[in-house]
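Some notes on the structure that comes next.
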Amino acid sequence: MTIDPGTVAATDRADVKYLGRLLGDVIREQDGVAVFDAIEGVRQASVAAHRAPDAANVAALTERLGALDLGDTLRFVRGFLLFSLLANLAEDRSGPGAREATLAGAMATLAKAGVERDAVVALLQKSLIVPVLTAHPTEVRRKSMIDREASIAALMAGCGNGFCDADTEAELIRQITILWQTRPLRSTKPVVADEIQSALSYLEASILPVLPKLHAQWEKLTGSVLPPFLRPGSWIGGDRDGNPNVNAGTLEAALAAQAGVAIGHYLGELNSLGSELSISSANVEVTGDLAALAEASGDLAASRADEPYRRALSGIYARTAASFRALTGRAPALPGIVAGDPYPRAGNFLADLRIIAASLQAHGGAAMVGTRLRSLITAVEIFGFHLATLDLRQNADVHARVVAELLQVAGVPGDYAALDDVQRTALLGDELSSPRLLFNGFAEYGDETLSEMAILRAAAAAHARFGPDVIRAYIVSKTSGVSNLLEVYLLLKEVGLYIPGDPPACAIMAVPLFETIEDLEAAPEVMATYLDRPKAAALAAERGHQEVMIGYSDSNKDGGYLTSNWSLHEGALALADVFAERGLQMQLFHGRGGAVGRGGGPAFDAIRAQPQGSVMGRIRITEQGEVIASKYGTPAVAETSLETMAAATLLASLEPARLAAGEFARFRGAMSTISAAACRQYRGLVYETPGFNEFFRSCTPITEIAELKIGSRPASRTKSDRIEDLRAIPWVFSWAQARIMLPGWYGAGEALAAFEDRGLLAEMVAAWPFLGAALSNLEMVLAKSDMEIARRYAGLVGDVALRERIFGTIADGWQRTHDQLLDLTGQAALLDRQPALARSVKLRLPYIDPLNELQIDLIRRRRGGEEDPRIAEGIHLTINGIAAGLRNSG
């Protein structure tokens, strides 16, 4: 397989060409010249059709695809899938992004704006930045495939552009051969344990070694000692919203597995330190604390009698190994040479490490603290024994049912389910002020209540074992009132995590998640009412902040792309005002997905474009599905991603306002008008057009996506087939596969075209980061969509009148959005101002479009009744390949 090097940037085109050649050699060697020629023939025809899309070239491509039998089709799809994966690797290593996307660059930008270094340090001293890994099912690749890609990326790191030495090339060929021989699709649906292990692999291989290194760089850059302000988080094992497979057992398993990774890393580092620190007390003095550690270690070996550091480390290792056993239920790979009791907390382990560092520093060994000990201390500060802070999440409706049953069984008068939010809030307030418990271990409860109580007891046990950092937040999906938060505290009170009093205390924070447009609009009033409760305000003040989560996916499905973005922007601003009026710190948690329709797009631009005053150094962001592999798949990529997040947070917090107050007011008024028009257009199509649901389910591979074995939770929240009940992930994913990508643009064109003050609109595009980022993401979606291919997907709709009516509306909307975007940005073509992205998209389209054509044919055959299992396999392979080519499709 070969690649035209003129289609990609010079920095990565040589790598793409090189990897493509190796893949072609592997296919030829493994499956023969005939198979290679068939795949290469389609590739050449597709490239020709893209360069000159005349009737002859298109017909030649169609003829090539039509000549493939099912076996050839599967091999062809695998070939194009692997090329896309290898192209992704080359693209990811093509160099750093904008200079501002580093902490040094952000500080330089701020310095030019008059922001002093002291202000940066002051902000970082109180900052918290958390990427939160979730198991949302948009990663279609098997972990086995991802592991091979990581190996190839590591090998390529030592190569020049398009060239590796003979030994490295031989290993690359071996890895690509394994990829070719590996089944790309999962044979079984993953369970929660698989999702836990997948996330752990990224934490262990990339985030665990990278974060201490970055932290050391940031301290050197600022010239200050900084707290570990960037930490990982996770939902995997604690997010049971709509996933009945998550329970107390999965929570316990996730925490044990995380502890195994963190403490296992520490044990390896301690072993290396013991080998290094052969310092004799005959030559160097030690502090009294170090001498005491050595004496208490139990290491009586004569050979180490004059080596206090080694003796101290023997004791520390023994206690850490005992902690490993206590928290994981397993023995460590290398047992200690002496016995020891587990550390009560990671903080006790950290204190012992600091004793070693202090002794070295005090007695001529500052250089011997070195990178290893310093990094180990930083790692324990960041990761503790728990590795990543795990959130709990559940739907508010579940809490309401559980609380209702607890109250009923406890004999509390009245029907809780029949009460409104004000009445529920009053009742819950009384219960939270009382020390009595509601749950009776001798009474009978439904399975739902028992399951919820079990996971809460597991959370309380985790706090006892690991300390409060292990679980800090309890996310409440579908929050619509104050009672939704108080219900969580009532349940936490049942297991001893909420302590009544004045003020009360609670180690876990109830975090509202506002997801739909209606919920986002109501969020400021809900939070104002909640924070006006003295005990709620006291809890927030004691913690130093109250977190609020805002959801991108459901708000998009509810109101469309522009309205979702605007509702999130306005909601964040209004919430910031609510908190500022009460003198409290807000921390926003952004529920972003990979696709633009779910809040995706470049993280640097997205964070930097947040409303003024809504970040202030504190932000949490979900990392989902395929985004986890693309941002944390290798240490080098993880380093870039984490530093980008830190730099963007710094700029969003301290950069002076780019708009004057009056200008911002004018822009907000105009955007409210545009958003309302976009929402009407979007809802008019999706929720008010007769037959739209039938069109959607016939036109897109939603049915086939639901069959993919990519996640442990179902595609819909209920058995209903209504769009309202469909999860946002398959909604967005299916439109992307059909190359329509409707959630990422529909409604915007009509709304922008209808806005009459073109001068004001031009001002907004030029000066406003919010609108600039929104239109940039929209432009990327338009560039990856294709209405001609989409028209062929529409051919899957049997009702011709329905097909023509709805697809005609969609196609007209796409063209209007396309034309409006070019008019507003002054470009002649999409992505003119983003040449690197334009080259990337141009490279990929000849490898994506044939997969779409084959997918359409295979879907038609399967829905027509053909039962050959290779047809279903082919459909799922094309889904995999298209997703790999589009990258941010879920």
Take the residues of segment 481-498 that are in a helix (DSSP H, G or I) and in contact with a Cys (Cβ under 9 Å, 6 or more places away or on another chain): which is surrounded by the most Cβ atoms within 10 Å (Cβ to Cβ)? Tyr489
Does Ala154 qualify as being without any contact (Cβ under 8 Å) to a residue 12 or more places away in the chain and in the same structural domain as Glu873 (by TED's automatic domain parsing)? no
Starting from segment 660-673, keep only residues that are within 15 Å of Pro611 (Cβ to Cβ) and modelled with pLDDT of 95 or more, then list their pairs with residues that are crowded, with 16+ Cβ neighbours inside 10 Å and of a type in the set (A, V, I, L, M, F, W, C) whose Cβ atoms are within a distance under 6 Å, requiring at least 6 positions of separation or different chains. Phe667/Met764; Phe667/Trp768; Met671/Trp566
Tell me the helices (runs of 4 or more DSSP H) entirely within segment 768-832 that contain at least 3 residues that are modelled with pLDDT under 95 and among the small types (Gly, Ala, Ser). 769-784
Which count do you get for residues in segment 225-238 that are surrounded by fewer than 15 Cβ atoms within 10 Å (Cβ to Cβ) and either under 15 Å from the mean Cα position of the chain (by Cα) or under 25 Å from Glu623 (Cβ atoms) (or both)? 1
Residue set Ala205, Ala135, Ala150; condition within 22 Å of Gly264 (Cα to Cα), modelled with pLDDT under 85 and among the aliphatic types (A, V, I, L, M); output residue Ala150
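What number of residues in segment 718-758 are small (Gly, Ala, Ser) and surrounded by fewer than 24 Cβ atoms within 10 Å (Cβ to Cβ)?
3
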Mind listing whichever residues of segment 450-480 are assigned to a loop (DSSP other than H, G, I, E, B) and under 22 Å from Arg543 (Cβ atoms)? Gly467, Ile471, Arg472, Thr479
Identify, from the list Thr250, Thr222, the residue that is of a type outside the set (D, E, K, R), touching a residue at least 40 places away in the same chain (Cβ under 8 Å) and surrounded by fewer than 20 Cβ atoms within 10 Å (Cβ to Cβ). Thr222
So, of the residues in segment 841-890 that are part of a loop (DSSP other than H, G, I, E, B) and in contact with a Ser or Thr (Cβ under 9 Å, 6 or more places away or on another chain), which turns out to be surrounded by the fewest Cβ atoms within 10 Å (Cβ to Cβ)? Arg887
When you look at Ala262, is it farther than 29 Å from Val470 by Cα and either touching a residue at least 12 places away in the same chain (Cβ under 8 Å) or surrounded by fewer than 16 Cβ atoms within 10 Å (Cβ to Cβ) (or both), yes or no? no
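From the set of residues in segment 685-694 that are under 31 Å from the mean Cα position of the chain (by Cα) and in a helix (DSSP H, G or I), which is surrounded by the most Cβ atoms within 10 Å (Cβ to Cβ)?
So, considering only residues that are under 31 Å from the mean Cα position of the chain (by Cα) and in a helix (DSSP H, G or I), the one surrounded by the most Cβ atoms within 10 Å (Cβ to Cβ) is Val686.
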I'd like to check something: does segment 68-82 contain any residue that is farther than 13 Å from Glu853 by Cα and without any contact (Cβ under 8 Å) to a residue 24 or more places away in the chain? yes
How many residues, within segment 604-640, are out of contact with any Ser or Thr (no Cβ under 8 Å at 6 or more places or on another chain) and without any contact (Cβ under 8 Å) to a residue 60 or more places away in the chain? 4
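Yes/no per residue for (1) more than 23 Å from Phe385 (Cβ to Cβ); (2) surrounded by 24 or more Cβ atoms within 10 Å (Cβ to Cβ); (3) β-branched (Val, Ile, Thr):
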| site | (1), (2), (3) |
| --- | --- |
| Thr287 | yes, no, yes |
| Ala291 | yes, no, no |
| Gly298 | no, no, no |
| Ala302 | yes, no, no |
| Ala305 | yes, no, no |
| Tyr317 | no, yes, no |
| Arg325 | no, no, no |
Being surrounded by fewer than 18 Cβ atoms within 10 Å (Cβ to Cβ) and on the phi > 0 side of the Ramachandran plot is the filter here, so list the residues in segment 546-587 that pass it. Gly583
Can you say whether Arg457 is of a type in the set (Lys, Arg), surrounded by fewer than 20 Cβ atoms within 10 Å (Cβ to Cβ) and modelled with pLDDT under 95, as far as the supplied structure shows? no
Can you go through Ile508, Ile550 and tell me which one is more than 30 Å from Gly684 (Cβ to Cβ) and either out of contact with any strand residue (DSSP E or B) (no Cβ under 6 Å at 6 or more places or on another chain) or among the aliphatic types (A, V, I, L, M) (or both)? Ile508
Among the residues of segment 726-767, the number that are part of a loop (DSSP other than H, G, I, E, B) and over 14 Å from Gln681 (Cβ atoms) is 7
Could you say which residue among Gly544, Gly591, Gly559 is within 27 Å of the chain's Cα centre (by Cα) and more than 25 Å from Ala647 (Cα to Cα)? Gly559
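If I filter segment 523-539 down to residues being of a type outside the set (Val, Ile, Thr) and surrounded by fewer than 20 Cβ atoms within 10 Å (Cβ to Cβ), which single residue comes out as farthest from Leu584 (Cα to Cα)?
Checked segment 523-539; the qualifying residue farthest from Leu584 (Cα to Cα) is Glu525.
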Within segment 377-391, does at least one residue satisfy the condition of being surrounded by fewer than 16 Cβ atoms within 10 Å (Cβ to Cβ) and modelled with pLDDT of 95 or more? no
Within segment 49-74, which residues are crowded, with 20+ Cβ neighbours inside 10 Å, closer than 17 Å to Gly32 by Cβ and of a type outside the set (Val, Ile, Thr)? Leu68
Looking at (1) more than 30 Å from Glu195 (Cα to Cα); (2) out of contact with any Pro (no Cβ under 6 Å at 6 or more places or on another chain); (3) in a helix (DSSP H, G or I), which is the only condition Ala294 fails? (2)
Being in contact with a Leu (Cβ under 7 Å, 6 or more places away or on another chain) and assigned to a strand (DSSP E or B) is the filter here, so list the residues in segment 370-400 that pass it. Leu390
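The values are calculated or read from the model by the stated rules, or taken from the named source; none is laboratory data. What you see is a predicted model, and the numbers here were worked out from it, not measured in a lab. Cβ: placed from backbone, ideal geometry, glycine included. Neighbour counts: every protein chain shown.
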